[in-house]
Amino acid sequence: MTALSKDTTIAVIGAGAMGAGIAQVAATYGHPVLLFDKAPGAAEKGIVGIAAGLDKLVSRGKLDQDARDAILSRLTPVDELEALAPAKLVVEAIVENRDIKQQVFSRLESICAADCILASNTSSISITSLATALERPQNFAGLHFFNPAPIMKLVEVVSGLDTDPEVAACLHATATAWGKQAVHAKSTPGFIVNRLARPFYAEGLRLLEEGAADSATLDALMRDAGGFRMGPFELMDLIGHDVNYAVTRSVFDAYYGDGRFLPSLTQQALVEGGRLGRKSGRGFYDYGAGAERPEPATLGTGNDAPPSRIVVEGSLGVADALVERLRSNGIEVVEREGVGRIRVGDSVLTMSDGRMATERAPAEGLRNLVLFDLALDYSTCTRLGVTVADQADKDTLAPVVALLNAAGIRVSLLDDAPGLAVLRTVAMLANEAADAVLQGVCSAADADTAMRFGVNYPQGPLTWAEQIGVGFVHRILTHLQQGYGEDRYRPSRLLRRKAFSGGVFHD
């Protein structure tokens, strides 16, 4: 199916930030765009806002004056729904209320041509449910942009039970022509992004509630080791706890109380206390005038003499790059057969596998056991999380910290939390993505694309799982499930199948 041609009239309902942004995207591509809002003067105000944004681009040299004028010339404010009759695609971006949206779409069916595509930008309401009010539900789909629409690349094309596949294909091709990364999704709670992103917040909140580390330290680990642009707590503060908590509750309720989506009492308390994040001036962090951002907890000073020699027993898998980094910083590396450990004097350093260090130490006969966390790239990461077994000698950590400091890696100590921070979060993200693929919500490729371009993850979760090993991810989840005794950490059947077959998600 081909994209709608540039001479096709597009209509947008709702002139707020999202609606105006979508109108700008369509007009930038070359479509004539009709912008409607029921509030008097709102459509005109929306176009004034678009003009102001374009003027900033011109002043920065990112857009020339002629292009700016051409975009604005294609935008027409209208004050009646009937004026949208020429449109071949109408995108609704109004209040998240099912009844109001249905009323609007029912009217549009009597105004627009029979082949007009109607699309909702809803982020939470079932497309199948919205379509029940329509006489031509086959022409209806979700077209979910992310805010701000002119900048964010992702668009979810959401099909309800009655959506014509050709309509979905046309929307996908059109969004792609507009310069977006379009993905197909089935109409299920949260679609792709809002569902798959839940563990990013949930695991951080659980670690905080269990006293593994403070929010500043956990955020730093997700950024400096995991490669995420923001940690979960600063991101929740940015989104707004009222919004983030409401989405979590919505997904939790929609999945009949599935423990994977369990809301946090800590976040509920922030909402009840009016600490909504940046918008209220306080959330996990204080945004008031003169407030200082807390520093992440960091071990060592970087001045302690590192050990001159380490013994590496076997391959560390995805963390082999750490060994090469240590070698390149003047550490003598002696290699032996083994199961993936680094011996630093009497201390043993190895990657977490989802068990507590205190649990793993006696199982493997390793008293002075130190576990380290996952990093996106061990050759360049600037921080690593570690934890130490309760049985370990009091000086077990010191040589490990000095060793990592010598390679330019700051070390943050977590209480003995199974899976640490980055590893358990990535494992849970991959698990949720695998379940979405299993249930036909999206393809593996679209799951990865959605998370990279919708929420700026450094890697798609399924690609990341393949890189660190699907079997390893399955082992982490199995250990988490056994350790917590909760269904929350159950491995997806698809992930389990791939783990035992040695397969991958991207064939």
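Quick note: the coordinates plus some simple rules give every number you see, no bench work behind them. These figures come from a predicted structure and were not determined experimentally. Glycine gets a Cβ as well: all are built from the backbone with ideal geometry, and neighbour counts include every protein chain shown.
Brief remarks on what is shown
- Cα-based Kirkwood hydrodynamic radius, segment 249-388, one decimal, Å: 18.9 Å
- If you wrap segment 131-231 in the convex hull of its Cα atoms and look at it from every side, the mean projected area works out to 8.4 nm².
- Label point 7 Å beyond Cα of D79 along Cβ direction - residues of segment 24-65 with amide nitrogen under 19 Å: 34-49
- Distribution of pairwise C-alpha distances over segment 107-152, 5 Å bins, in %: 5, 21, 27, 20, 13, 11, 3
- Ranked by the mean number of other Cβ atoms within 10 Å of their residues, highest first, the peptides 430-436, 364-370, 485-491 come out as 430-436, 364-370, 485-491.
- Relative contact order [Cα under 8 Å, 6+ residues apart], the chain, whole percent: 12 percent
- The chain: antiparallel DSSP beta bridges as a percent of all, rounded to 5: 30 percent
- Note on E359 and E209: the model spin-label points, each 7 Å out from Cα along the C-beta direction, lie 1.8 nm apart.
- In terms of other Cβ atoms within 10 Å, S352, S328, S215 run from fewest to most in the order S328, S215, S352.
- Pairs beyond 22 Å (Cα-Cα), from K6/K180; K62/K88; K38/K101; K62/K180; K186/K279: K62/K88; K186/K279
- Distance between segment 385-410 and segment 57-118 - C-alpha centres, whole angstrom: 58 Å
- Share of alpha-carbon pairs per 5 Å distance bin for segment 309-413, given as whole %: 2, 13, 26, 28, 21, 8, 1
- Reachable lysines from K45, criterion Cα separation under 19 angstrom, eight or more residues apart if same chain: K56
- Here is the P(r) of segment 322-479: all C-alpha pair distances, binned every 10 Å from 0, give 10, 36, 33, 16, 5, 0 in whole percents.
- Both radii were evaluated on the Cα set of segment 401-507; the Rg over Rh quotient, with Rh as the Kirkwood radius, amounts to 1.03.
- Highest mean packing comes first when the peptides 286-293, 461-468, 223-230 are listed by Cβ atoms within 10 Å, giving 461-468, 223-230, 286-293.
- Expected 222 nm ellipticity per residue - DSSP helices of 4 or more, -39500 (n - 2.57), all of the chain, to 500: -12500 deg cm²/dmol
- Peptide packing for 381-393, 257-269 was compared via the average number of neighbouring C-beta atoms within 10 Å per residue; ordered from the highest value, the list is 381-393, 257-269.
- Computed over the chain, the percent of Cα pairs more than 37 Å apart is 37.
- Taking the Cα centre of the chain as origin and assigning +1 to Lys and Arg Cβ atoms and -1 to Asp and Glu Cβ atoms, the resulting dipole is close to 300 debye.
- The modelled label-to-label distance for the pair V339/A289, using points 7 Å beyond Cα in the direction of Cβ, is 6.0 nm.
- Solution diffusion estimate, µm²/s, Stokes-Einstein, segment 195-272, Kirkwood Rh from C-alpha pairs, 37 °C, viscosity 0.692 mPa s: 258 µm²/s
- Shape of segment 53-105 from the C-alpha gyration tensor: prolate (a/c of 1.5 or more and a/b above b/c, with a ≥ b ≥ c the square roots of its eigenvalues).
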